Amino acid sequence: MSSYSTVASVVLAAGSGTRFGNDINKVWLPLKGRHIISRSLTNASAHFNDSRIILVINPDDEDFARRALAEDAMPTSIEIVYGGASRHESEFNALQHLKSAIIAGEIETVLIHDGARPLATPELFSAIADAAAEYGGAIPTIALDPHEMDTTRGESVARVQTPQGFRAKPLLEAYEKAVVEGFIGTDTSACMEKFFPSVKIRAVPGDVFNFKITYPQDLAIAELLVPLQ
């Protein structure tokens, strides 16, 4: 079992609102009286006492971020880090921010979550943290409907969600190796698989309601689901 005081949760919110059709990143939009990002941050930290919570943003969005956190009375201990031009670069920046604590052993497990998934439950974060501490890595997955699968490949296919969790030191090393080699992963697990293929990444049952808010209809669905949590 993971010691929750040695867990750091990184919530990514450095994207744009292009696909949503909005001038701003959708994470700054309201969802049942609170901002989307605040719900993501709350769920990411609910079961972790004294853990570090990192919010990664586009530098241009700092006013949006600070206003959202203040309006929703979020803890002032949330640390804001500027993201990069890609998801991978944003993750790297967050790990560099945590580097000294990781090297010192103060942070043993890092969870990385997409801020546009506000319905990921605190229980899912805990399950990922526990599995990552035990196995080295963990990701939440949802099995695809058989009609969606490519049966010609002869292998099991699943839809991967976040949060994704890994032991902190190998994760930091993987991202620093990626810089040297110019590797850019599509998600956190891709970088770990590239540089630490020996790490066993545990598949943890995901949640069908843990979807990413990408389009306006996703937000409408989330509005209906929030009271169920």
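Of the beta bridges DSSP finds with both residues in the chain, what % are antiparallel, to the nearest 5? Numbers along the way, then the final one.
On the way: 11 of 33 bridges.
The answer is about 35 percent antiparallel.
Give the order of F48, F211 when sorted by the count of other beta carbons within 10 angstrom, beginning with the fewest. Present the calculation step by step, with values, prior to reporting the outcome.
Values: F48 23, F211 20.
Ranked by crowding around the Cβ, least crowded first: F211, F48.
If you add up the charges near V179, with Lys and Arg at +1 and Asp and Glu at -1, over every other residue whose beta carbon is less than 15 angstrom from its beta carbon, what do you get?
Numbers: positive: R87, K99, K177, K194; negative: E89, E91, E173, E176, E181.
Net charge in that neighbourhood comes out at -1.
Between I24 and V226, with labels modelled 7 Å along Cα→Cβ, what's the label distance in nm to one decimal, could you check?
1.5 nm
What nm distance separates the two modelled labels at R66 and A158, each placed 7 Å from Cα along Cα→Cβ?
Distance between the two pseudo-spin positions: 4.2 nm.
Give, in nm to one decimal, the length gained when the segment between N49 and K194 is fully stretched (0.36 nm per residue of separation minus the Cα-Cα distance).
Result for the pair: 49.0 nm of gain on full extension.
Less than 23 Å apart at the alpha-carbon level, and either on another chain or at least 8 residues along: which lysines does that give for K26?
Counting by Cα, and skipping residues close in sequence, K26 has these lysines nearby: K212.
Once fully extended, how much extra length lies between I184 and A85, figured as 0.36 nm per residue of separation less the alpha-carbon to alpha-carbon distance?
Working: separation 99, 0.36 × 99 = 35.64 nm, distance 1.12 nm.
Fully extending the segment from I184 to A85 adds 34.5 nm.
For E123 paired with K32, estimate the spin-label separation in nm (one decimal), with each label point 7 Å from Cα along the Cα-to-Cβ line.
If labels sit at E123 and K32, their model points lie 1.6 nm apart.
For the chain, compute Rh as the Kirkwood radius over C-alpha pairs and then the Stokes-Einstein diffusion coefficient at 25 °C and 0.890 mPa s; write the answer in µm²/s, rounded to an integer.
It diffuses with D of about 138 µm²/s by this estimate.
Take each complete run of DSSP H in the chain, measure how far its Cα atoms stretch along the helix's own axis, and keep only those covering 18 Å or more with mean Kyte-Doolittle hydropathy at least -1.0; list them. Walk me through the numbers before you get to the answer.
Values: long enough: 87-103 (23 Å, -0.44); 122-135 (20 Å, 0.42); 168-181 (20 Å, 0.01).
Span-like helices here: 87-103, 122-135, 168-181.
Counting other beta carbons within 10 Å of each Cβ, put T42, T162, T186 in order, fewest first.
Values: T42 16, T162 29, T186 11.
The fewest-first ordering by Cβ neighbours comes to T186, T42, T162.
From Cα pairs below 8 angstrom and at least 6 apart in sequence, can you work out the relative contact order of the chain, rounded to a whole percent? Mind dumping the intermediate values first?
On the way: 432 pairs, mean separation 55.5, N = 229.
24 percent.
Coordinate-derived values only; no laboratory data. Quick caveat: nothing in here was measured; it's all calculated off a predicted structure. Cβ sites come from the backbone with ideal geometry, for glycine too, and all protein chains shown count toward neighbours.
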